[in-house]
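Only one structure is covered here, and it is reproduced in the block below.
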Amino acid sequence: MDKLLAHWSASWLVAVIYLAVVVIHLTGLRYLLAAAGRGRTGASRRELRREAAVFQAGLLCALAALVSPIAYWSGTYIWVRGLQDLILAFVAPPLIVLGAPWLALRAGWPWPHPGGTGWPADGHAVASPSKTGHNGASAATVPPAWRLAWPVIVVIAFNLTWLGWHLPVLFDLALRNGGVRAAEYVCYLGIGILFWLQLIGSRPLRPICGPLRRVAFLFATTGVGTVLGMILVFGSGVLYPAYGGAAHHVLTVLDDQQLSGAVIWMGMLPPMIIAAVAVLMRWLDDEESEALTAGLDRLLVKRQSAWPARPGAR
């Protein structure tokens, strides 16, 4: 048993935070399921359970990156560190966002909500269609000046965070300093969740930007990650000398660094491609629905003749 746990990195703070979030979420989910049974929510029980499963999967991915052998070996091998960063930025956050835990966390929060959140308690959309813009965003809750600036700022911040923590100075500093390493984890998860909220729906929140702009964000972020991966894969110099040690007697630090670049480069492509395809498919479905609705309206509404009526005709 001791040998089995020898390569696990234990963190009581991470475990306590994880358990607290799970308890709050499941408590709020129970309230939402009861409300769904009475027909008071905008989602069925099946949808709520599916979202809860996805959210819990995202939490487990984050937990695995922080307390499993991945966390232990990330202090020894650069490629494992790259895998850990990939999970915390490109795997766990989109699953958390897809899980739409916001209403459940709000309902399960044990303390009062001062001033409220502005979100509906029944799980319906943010605002009714008559009070939303063309993209479904609430005009009452989103300042007009932020409708384009806010998503752009979040995407830029995410990419700067992703590149910044891979700079040699910060990368090596996080290896030696536990506080800096914790700040890196918080940045990946926090800004990662904000980033994915701009790209995919998370009931009752909706992306502000249209589908094509969101796909452009995905391609731009993929390009940034590709550049980072190419620098690590094809670089001929050691960027992270702090990882040099006895563990690299077979796999050199340069080989480890190049393998890390491949892990980051190839590992980020599946979630980005899946997100882009999902956004485009949703956009095409909406376009087809609007075209079908417009066609039915033309068929059902009686068209007036372009020819003038005969004199005396009624």
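The table for this structure:
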quantity	calculated
Residue match in the stretch 87-95 (condition: of a type outside the set (Asp, Glu), in contact with a helix residue (DSSP H, G or I) (Cβ under 6 Å, 6 or more places away or on another chain), modelled with pLDDT under 95 and open to solvent by 20 Å² or more (accessible area, probe 1.4 Å))	no
Positions within the stretch 219-253 being part of a helix (DSSP H, G or I), open to solvent by 50 Å² or more (accessible area, probe 1.4 Å) and hydrophobic (A, V, I, L, M, F, W, C), in sequence order	PHE219, ALA220, VAL227, MET230, ILE231, PHE234, ALA246
Qualifying positions in the stretch 81-97 - touching a residue at least 40 places away in the same chain (Cβ under 8 Å) and touching a Ser or Thr at 6+ places or on another chain (Cβ under 7 Å)	ARG81, GLY82, VAL97
Scope the stretch 189-206; condition over 22 Å from VAL14 (Cα atoms) and open to solvent by 20 Å² or more (accessible area, probe 1.4 Å); matching residues	LEU197, ILE200, GLY201, ARG203, LEU205, ARG206
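The values are calculated or read from the model by the stated rules, or taken from the named source; none is laboratory data. Just so we're clear, the structure is a prediction, and the values are computed from it rather than from any experiment. Positions of Cβ are backbone-derived with ideal geometry, glycine not excepted, and every protein chain shown enters the neighbour counts. For accessibility, only protein heavy atoms count, side chains too; no ligands or nucleic acids. Shrake-Rupley method; radii C 1.70, N 1.55, O 1.52, S 1.80 Å.
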